[in-house]
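Visitor: Before I ask anything, let me first share the structure, which is written out below as structure tokens.
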Amino acid sequence: EVQLQASGGGSVQAGGSLKLSCAASGFSFDGHAIGWFRQAPGKEREGVSCIGWSDGYTLYRDSVKDRFTIFIDNAKNTVYLQMNSLKPEDTATYYCAAGLWATLQAGDFGSWGQGTQVTVSS
């Protein structure tokens, strides 16, 4: 079974930063798209950002653009989400997922990792 490893979550104050990582075990991201999604308690899961591994094409949810940056490290087979200027509304469990097309639609991603908690206090 494909194992995706999300890490880097934590608790920060509003305006702070966190860097999330997503690495694959026994799987190469090459030829795939990697997305970051989040879900807050009682809320629907929503797409945050995604990137095409091969072409670098990126998408961002409007509420995070200019604050979050998604990027890859080919050598480490890892995708990152740099989150700056964090707001309380960013509080959620963040998940990474792999698919075949860069979209912000969770249903288009077939392989999911365990979530990492991000908590932003005001």
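Visitor: Pairs of alpha-carbon atoms within less than 8 angstrom and 6+ residues apart define the contacts here; what relative contact order does segment 64-122 have, in percent? Display every interim value, and only then the final one.
Guide: Values: 74 pairs, mean separation 18.5, N = 59.
The normalised contact order for segment 64-122 reaches 31 percent.
Visitor: What do you get for Rg/Rh of segment 11-78 when both radii come from the Cα atoms and Rh is the Kirkwood radius? Write out the running numbers ahead of the final one.
Guide: Numbers: Rg = 13.3 Å, Rh = 13.4 Å.
Using only Cα positions, Rg/Rh for segment 11-78 is 0.99.
Visitor: Can you order the peptides 84-96, 52-64, 16-28 by their average number of other Cβ atoms within 10 Å per residue, highest first? Write down the numbers at each step before the final one.
Guide: Working: 84-96: 18.8, 52-64: 14.8, 16-28: 16.3.
Taking the mean over residues of other Cβ atoms within 10 Å, the ranking is 84-96, 16-28, 52-64.
Visitor: If amide hydrogens are placed 1.01 Å from N in the peptide plane, which non-local residues have theirs closer than 5 Å to the one on GLY16?
Guide: Those lying under 5 Å, H to H, from GLY16 are LEU86.
Visitor: Would you kindly state how much longer the chain becomes between ASP30 and ASP66 on full extension, computed as 0.36 nm times their sequence separation minus their alpha carbon distance, in nm to one decimal?
Guide: Numbers: separation 36, 0.36 × 36 = 12.96 nm, distance 2.62 nm.
Taking 0.36 nm per residue and subtracting the Cα distance, the gain is 10.3 nm.
Visitor: Rg(Cα) of the chain divided by 2.2 N^0.38 Å? Display every interim value, and only then the final one.
Guide: Working: Rg = 13.2 Å, N = 122, 2.2 N^0.38 = 13.7 Å.
It is 0.97.
Visitor: Below 8 Å between Cα atoms, with a sequence gap of 6+, how large is the relative contact order for segment 1-111 in percent? List each step's numbers first, then the result.
Guide: Details: 249 pairs, mean separation 38.1, N = 111.
So the answer I get is 34 percent.
Visitor: Label SER17 and GLN117 with points 7 Å out from Cα along Cα→Cβ: what is the distance between them in nm?
Guide: Rounded to a tenth, the inter-label distance reads 2.5 nm.
Visitor: With a 1.4 Å probe and all protein chains left in place, how much of the accessible area of the chain comes from carbon and sulfur atoms, in whole percent?
Guide: On the way: 2770 of 6240 Å².
Carbon and sulfur: 44 percent of the exposed surface of the chain.
Visitor: At 1.4 Å probe radius, can you tell me the per residue accessible area of the chain in Å²? Mind dumping the intermediate values first?
Guide: Working: 6240 Å² over 122 residues.
With the other protein chains kept in place, the chain gives 51 Å² per residue.
Visitor: Going toward the positive end of the dipole of the chain, with +1 on Lys and Arg Cβ and -1 on Asp and Glu Cβ, which of GLY99, HIS32, THR119 do you reach last?
Guide: Ranked along the dipole, the leading option is THR119.
Visitor: Report the label-to-label distance for LEU100 and ARG45 in nanometres (one decimal), using points 7 Å from each Cα along the Cα→Cβ vector.
Guide: Between LEU100 and ARG45, the label points sit 1.9 nm apart.
The values are calculated or read from the model by the stated rules, or taken from the named source; none is laboratory data. Remember, predicted model here, so these are calculated numbers, not experimental data. Quick reminder, even Gly has a Cβ in these numbers, built from the backbone with ideal geometry, and neighbours come from all protein chains shown. The protein model used for the area step is the full one, side chains on, heavy atoms only, and it has no ligands, DNA or RNA in it. Shrake-Rupley method; radii C 1.70, N 1.55, O 1.52, S 1.80 Å.
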